[in-house]
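Everything below concerns the one structure shown next.
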Amino acid sequence: MIPIRCEEIEELDLGRLDRPGGSTGTGAPITGIKADSRIVGPGDLFVALNTGTAYVADAAARGAATLVPEDQEAALAALASLVRSRSDARVVAVVGSTGKTSTKDILGGLCSAETPTVWAEASQNNEIGLPLTVCRLERDTRVLVTEMGMRGLGQIAALCDVARPDLVVVSSIGPEHLELVGTVERVAEANAEAIVALPPGGIAVVPADAPELEPHLGRTDIEIRRFDRSQVDGAGNDWHFVVGGCEVLLRLPFTARHMAENALAALYAYDALGLPLDHAQEGADAIRLSRWRGEEMRLPGGGLVINDAYNANPTSMRAALLDLVERAGSRRRVAILGEMAELGDASPRYHEDVGRLVDELGLEIVIAVGNGVTAYVSDPSRPGRLQVTDVAALDGALAVLAPGDAILVKASRSVGLEGIPASIEKRSRVWSES
């Protein structure tokens, strides 16, 4: 982290600040700001968030300065703003309804092969995660790739006040958090707050297939670059892209088309940063996706399980089901699906759409998890349609699985399906031993 002095933090008056060794302790600068007492050491500032107040003494014993903030979100924002003010790195804000984390991961990998780059870990995209990401800026960082989540109007604007992006990537616009914002048009408005925050001369990379976003693209002092998903072609790990008229061939560490479309958005941002498209393969080799986003696990007997259980909305659910069909080939196709949360009054309709899609695709087995997803298996006359009340009741239903199955596990994070692939893998060992 770009060093800051304890005296500067004291001047911010954020709460109870203790230096290592007490008031007469060292005047060494702070070179790391962390919220996990287990990973701090000399030179770090431990910010005690929520129950982290119980670990202040542990952090101090490890040689860290400690801060118990009066307002934890305001404190993190102030610290990150101080660090950000000392960096001339290009800052990217990745926003959107689906694909944010994967687009951020891909862009971070691409840039890292060309220039010193910091990018958000996992889904650190809220009022806590975003400042902690900004606080990882180093003196030599040239690109910072942040992710910004939306759970209502005004949130992305507040995150932009901290990160001050000069390039925005909108991965997609679709139905998400409708309980909070009401309509897809309001989803677009909330995500467009990042575009509003751009300085003159900034660049917005946006999807060409998001008409709801168009009313927010009228600024004449910034550049708008639209990526067209039809400019993606390929199969397996080999993909062909058209980026601003330039052809780019890449071998990528994933096979799903919707992931390749995220790569297209990332390539547009990479190009907008002035990085060389003809070197992009070096960065592609460095891409590491966050957990539970299309993770693939091979099973005995030629089967596979796709763990896409981090989150779900109608757009990502459709993409994951189509990807299952593509990847399955001749294997039996199994979908273990939970609720798509926070869709408001339109929730029944969206779940019914998924039920129709799995029938249209002819999936052999569909296991619906939860009481709110009856629409996934609404036709009892179709074989291979099961419903269980919750994750705890799912184990018995897994008895329908067989060697060679292609299995998708997907739901909103609140359903808690992310551990199910491990249970399937454990069950599959019995197949290989029998």
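Just so you know, all these numbers are worked out from the coordinates, no wet-lab data involved. Treat the numbers as computed from the prediction; the structure is a model and nothing was measured. Quick reminder, even Gly has a Cβ in these numbers, built from the backbone with ideal geometry, and neighbours come from all protein chains shown.
Quick notes on this structure:
- Relative contact order of region 83-133, pairs being alpha-carbon contacts under 8 Å that are 6 or more residues apart, as %: 22 percent
- Placing unit charges on the Cβ atoms only, positive for Lys and Arg and negative for Asp and Glu, gives region 295-433 a dipole magnitude near 360 debye about its Cα centre.
- Contact order normalised by residue count of the chain, Cα under 8 Å, 6+ apart, percent: 12 percent
- Lysines with Cα under 22 Å of residue 34, excluding same-chain neighbours fewer than 8 positions away: 104
- Pairwise label distance in nanometres, residue 423 with residue 399, each label 7 Å out on the Cα-Cβ vector: 1.4 nm
- Principal-axis tilt of helix 347-361 within the chain, Cα atoms, nearest 10 degrees: 50 degrees
- Helix-only arithmetic for the chain: the sum of -39500 (n - 2.57) across DSSP H runs with n ≥ 4, divided by the residue total, places the mean residue ellipticity at 222 nm at -9000 deg cm²/dmol.
- Residue 349/residue 392 FRET efficiency (R0 30 Å; Cβ-Cβ; nearest 0.05): 0.60
- Proximal lysines relative to residue 426, as straight alpha-carbon distance under 28 Å, when same-chain residues fewer than 8 apart are discounted: 410
- Computed from point charges on the beta carbon alone (+1 for Lys and Arg, -1 for Asp and Glu), the dipole magnitude for the chain about its Cα centre is near 960 Debye.
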